[in-house]
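Let me begin by presenting the structure, written as structure tokens, before commenting on it.
The values are calculated or read from the model by the stated rules, or taken from the named source; none is laboratory data. Model, not experiment: these values are computed from the prediction. In this analysis, Cβ positions are derived from the backbone assuming ideal geometry, glycine residues included, and neighbour counts consider all displayed protein chains.
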Amino acid sequence: MESKTAELKLQELRKQIDEHNYAYHVLDSPRISDEEFDRLMRELIQLETLFPALVTADSPSRRVGGKPVDVFREISHVIPMLSLENVFSEGELRDFFQRVKRSAGADSLSWVGEPKIDGLAVSLSYEKGLFTGGATRGDGYTGEDITHNLLTIKSLPLKLKEKVSLEVRGEVFISKSSFQQLNRARESRGLPLFANPRNAAAGSLRQLDPRIAAERPLDIFIYSLVYLAGEQPGDHWEALQYLRELGFKVNSHVSLLSGFDEIMDYYREMERKRNELFYEIDGVVLKINDYQLQEKLGATSRAPRWAIAFKFSAEEKITSVEDIQVNVGRTGTITPVAILQPVRLAGTVVKRASLHNEDILQEKGVMIGDRVVVHKAGDVIPEIVRVIAEERDESVKPFVMPKVCPSCGEAVKRLPGEAALRCFNPACPAQVIERIIHFASRAGMDIVGLGESLSRQLYEAGLVKDVGDLYSLTEEKLAALERMGEKSAQNLLQSLEKSKKNPLYKLLYGLGIRLVGERAARILAAHFKKLPHLQNASLEELTLLVEIGPGIAASVREFFRQEAASKIIEKLEKAGVNFFEETGKRDEDNTLQGKAFVLTGTLEGYSRQEVKELIESRGGKVLGSISKKTDFLLSGDNPGSKLDKAKSLKITVISEGEFEKMIRKK
């Protein structure tokens, strides 16, 4: 291909990818499948590899994560990134409101209300429509250059729809469902869990290696225009509409308000809606709309006088710690867990709260018998906020982390640089059972019917000592188990047989190699194609792969050197489990052909991405909003307003269980 032809092809590919990125990540209205999008990206990257001189600054290929940086460079904010003052009650807000009216010398003021996203504030710069860099808030005057990580955010435009030079501010966040999925993946890899979505977003942006940030589902809302070369918008509201037209993702719940009553109505409305939103908010932000009044009111050294954050009251409950136990994870991590007197919190009954590790246990000073304040971190994860020390009596008992594994009795130890105690016995019963559960999971080998209870039963009965033994199960062996009927045994064996045909990446994930999540498993399988090639790969060969860092590479090498792993792989090979990435074309499943689904609420057994993949792989599609074209609304816990709209349009509403039956039909 000639250079001129390649340049024209690259221009067209970038245009298509930008349009699809905008439709998916900003408009929430995808136009093509993920597979089609991935094909376009692969074609772009391959062509740019052949013609490196034609790579442009706004190429979507920059989002996959570039080279690591050695250190964060400091950036001075020309216009300071000040924090906001907080108020927590209607009375405090009224005082602020009256103070602003007096200072402004006006009886009536126009305000803009915005959801207060619980994320990390960033500043972004564009020159002639192209993204040139971004930084954290830092101390408000000097931040850190995080351009390399911001490039990975798919909802952040690299090229605007006009060739303008400007600076905007926004909030980087991780959605609730993506946060849960991220923590599940970290747990499966034996990594510490993030406490809440904000910490996850902040931790992602402060990675020196952008490939790590690229793995994280970061998103961004733009909330402020701080500089524009040329004609300025008349006010903040007009600026937000202009930013939306340029291609920025602006929150759909921003509202133009006048008067105290309207402000309070908006606050109450957002408080009611907060559980329906796909992202975390912890209040609303109120800003004077008029730019001239903003300038007149000015700012203190810490915060503007023309804006305020009106925070929601976090739901907290008091309960008792009845016990502290430890769990042993798949990779041997020893995690202390507080057993609580059951308490209803944010819509569910909470009985347990992870204390994460020994350091956090000591920092919070939790003892058995303590009265404690609990909440849900990010409205998701039960967490002990603090001990009510004044209610402590002589009956409380301190908890000391064990010196030996409670499952196998082997000594536990803490590696340098790690916060967690770990059991290093590969034959530890608790670890083996967790590995069986992980192997059978949907993201792993997808062995339907093999959950926690049956995994434990199979191990304790001596039928399965490692995952390789699963494929030696027979009806006769299963018949000896309690509550195992003939039909259940047949279904399990059929599912095991079906799993043998899985592509290599599912097997790699299912093997539970430490630090190897779904993404890394796909990368390794796509590169090496065959399991023996991966087994024999050198450390250097592994680390050369994009997104496979030295930690993952070392973990993969260590796993395949273990005698126990070699024995498992021998059993799997003997059973006929597929060791190749390309398994040939499968029979098409078109059970949902042409059907349109919309999702609402929280699902127990699936992430939203998993549901989307299941539907699309069967010929269906997932829409972002309810309309007459919708066939089904899949409704989970705490459904939002989509449920009411679906009922009004007489659209079929299905539960998670009904969806399970639907996708199993063939």
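Okay, residues lined up against (1) at pLDDT 75 or above; (2) β-branched (Val, Ile, Thr); (3) under 27 Å from residue 549 (Cβ atoms):
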| residue | (1), (2), (3) |
| --- | --- |
| 21 | no, no, yes |
| 25 | no, no, yes |
| 32 | yes, yes, no |
| 43 | yes, no, yes |
| 50 | yes, no, yes |
| 69 | no, yes, yes |
| 79 | yes, yes, no |
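Annotation: of all residues in the stretch 242-267 being part of a helix (DSSP H, G or I) and not hydrophobic (A, V, I, L, M, F, W, C), the one that is farthest from the chain's Cα centre (by Cα) is 261. Residues in the stretch 470-493 that are of a type in the set (S, T, N, Q) and under 25 Å from residue 574 (Cβ atoms): 472, 474, 490, 491.
Of all residues in the stretch 644-663, those that are more than 17 Å from residue 612 (Cα to Cα) have Cβ atoms under 9 Å from Cβ atoms of residues that are of a type in the set (Phe, Trp, Tyr), 6 or more apart or on another chain, in 646/632; 651/632; 652/632.
Pairs meeting the criteria (first residue in the stretch 579-594 and aromatic (Phe, Trp, Tyr), second residue assigned to a loop (DSSP other than H, G, I, E, B) and at pLDDT 80 or above, beta carbons under 8 Å, at least 6 apart or on different chains) are 580/503; 580/529.
Residues in the stretch 1-19 that are at pLDDT 75 or above, surrounded by fewer than 18 Cβ atoms within 10 Å (Cβ to Cβ) and either hydrophobic (A, V, I, L, M, F, W, C) or not in a helix (DSSP H, G or I) (or both): 2, 6, 8. When the residues of the stretch 179-213 are filtered to those that are surrounded by 22 or more Cβ atoms within 10 Å (Cβ to Cβ) and polar (S, T, N, Q), the one that is nearest to residue 137 (Cα to Cα) is 204. The number of residues in the stretch 243-272 being free of Cβ contacts under 8 Å to residues at least 24 places away in the same chain and in contact with a helix residue (DSSP H, G or I) (Cβ under 8 Å, 6 or more places away or on another chain) comes to 0. Scanning the stretch 86-131 for residues that are farther than 17 Å from residue 261 by Cα, out of contact with any Asp or Glu (no Cβ under 8 Å at 6 or more places or on another chain), outside any helix (DSSP H, G or I) and modelled with pLDDT of 90 or more yields 115, 127, 128.
Within the stretch 201-222, one or more residues are under 15 Å from the mean Cα position of the chain (by Cα) and without any contact (Cβ under 8 Å) to a residue 24 or more places away in the chain.
Every listed requirement among (1) exposed (fewer than 13 other Cβ atoms within 10 Å of the Cβ); (2) touching a helix residue (DSSP H, G or I) at 6+ places or on another chain (Cβ under 9 Å) is met by residue 372 save one, (1).
A quick yes/no check of all residues on (1) touching a Cys at 6+ places or on another chain (Cβ under 8 Å); (2) surrounded by fewer than 17 Cβ atoms within 10 Å (Cβ to Cβ); (3) closer than 27 Å to residue 663 by Cβ:
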position: 441; (1), (2), (3): no, no, yes
position: 446; (1), (2), (3): no, yes, yes
position: 455; (1), (2), (3): no, no, yes
position: 460; (1), (2), (3): no, yes, no
position: 463; (1), (2), (3): no, no, no
position: 485; (1), (2), (3): no, yes, yes
position: 489; (1), (2), (3): no, no, yes
position: 492; (1), (2), (3): no, no, yes
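When every residue of the stretch 158-177 is checked against the conditions, at least one turns out to be farther than 30 Å from residue 293 by Cβ and touching a helix residue (DSSP H, G or I) at 6+ places or on another chain (Cβ under 6 Å). Would you mind finding the one in 520, 554, 489 that is over 23 Å from residue 332 (Cβ atoms), in contact (Cβ under 8 Å) with a residue 12 or more places away in the chain and assigned to a helix (DSSP H, G or I)? The unique qualifying residue is 489. Return the only residue of 291, 279 being of a type outside the set (A, V, I, L, M, F, W, C), touching a residue at least 12 places away in the same chain (Cβ under 8 Å) and more than 27 Å from residue 174 (Cα to Cα). One residue alone meets the criteria, 291.
Just for the stretch 523-551: of the residues that are in a helix (DSSP H, G or I), in contact (Cβ under 8 Å) with a residue 40 or more places away in the chain and of a type in the set (Gly, Ala, Ser), which one is surrounded by the most Cβ atoms within 10 Å (Cβ to Cβ)? Looking at the filtered set, the residue picked out is 525.
Within the stretch 398-416, being surrounded by 11 or more Cβ atoms within 10 Å (Cβ to Cβ) and farther than 27 Å from residue 369 by Cα holds for 408, 410, 411, 413, 414. Does the stretch 214-232 contain at least one residue that is assigned to a helix (DSSP H, G or I) and either out of contact with any strand residue (DSSP E or B) (no Cβ under 9 Å at 6 or more places or on another chain) or surrounded by fewer than 21 Cβ atoms within 10 Å (Cβ to Cβ) (or both)? Yes, that holds for at least one residue.
Let me confirm something: among 451, 417, 444, 485, which residue is small (Gly, Ala, Ser), modelled with pLDDT under 95 and closer than 14 Å to residue 188 by Cα? One residue alone meets the criteria, 444. For the condition loosely packed, with under 15 Cβ neighbours inside 10 Å and either aromatic (Phe, Trp, Tyr) or over 31 Å from the mean Cα position of the chain (by Cα) (or both), residue 95 qualifies.
Listed by first and then second residue, the pairs with beta-carbon distance under 6 Å, at least 6 apart or on different chains, first residue in the stretch 35-62 and closer than 26 Å to residue 209 by Cβ, second not in a helix (DSSP H, G or I), are 48/55; 57/130; 58/130; 58/158; 58/159; 62/151. Could you say whether any residue in the stretch 598-611 is among the β-branched types (Val, Ile, Thr), at pLDDT below 75 and either farther than 18 Å from residue 35 by Cβ or part of a helix (DSSP H, G or I) (or both)? Within the stretch 598-611 (the criterion being among the β-branched types (Val, Ile, Thr), at pLDDT below 75 and either farther than 18 Å from residue 35 by Cβ or part of a helix (DSSP H, G or I) (or both)), the answer is yes, since at least one residue qualifies. Comparison of 112, 122 shows that the only residue that is among the aliphatic types (A, V, I, L, M) and crowded, with 24+ Cβ neighbours inside 10 Å is 122.
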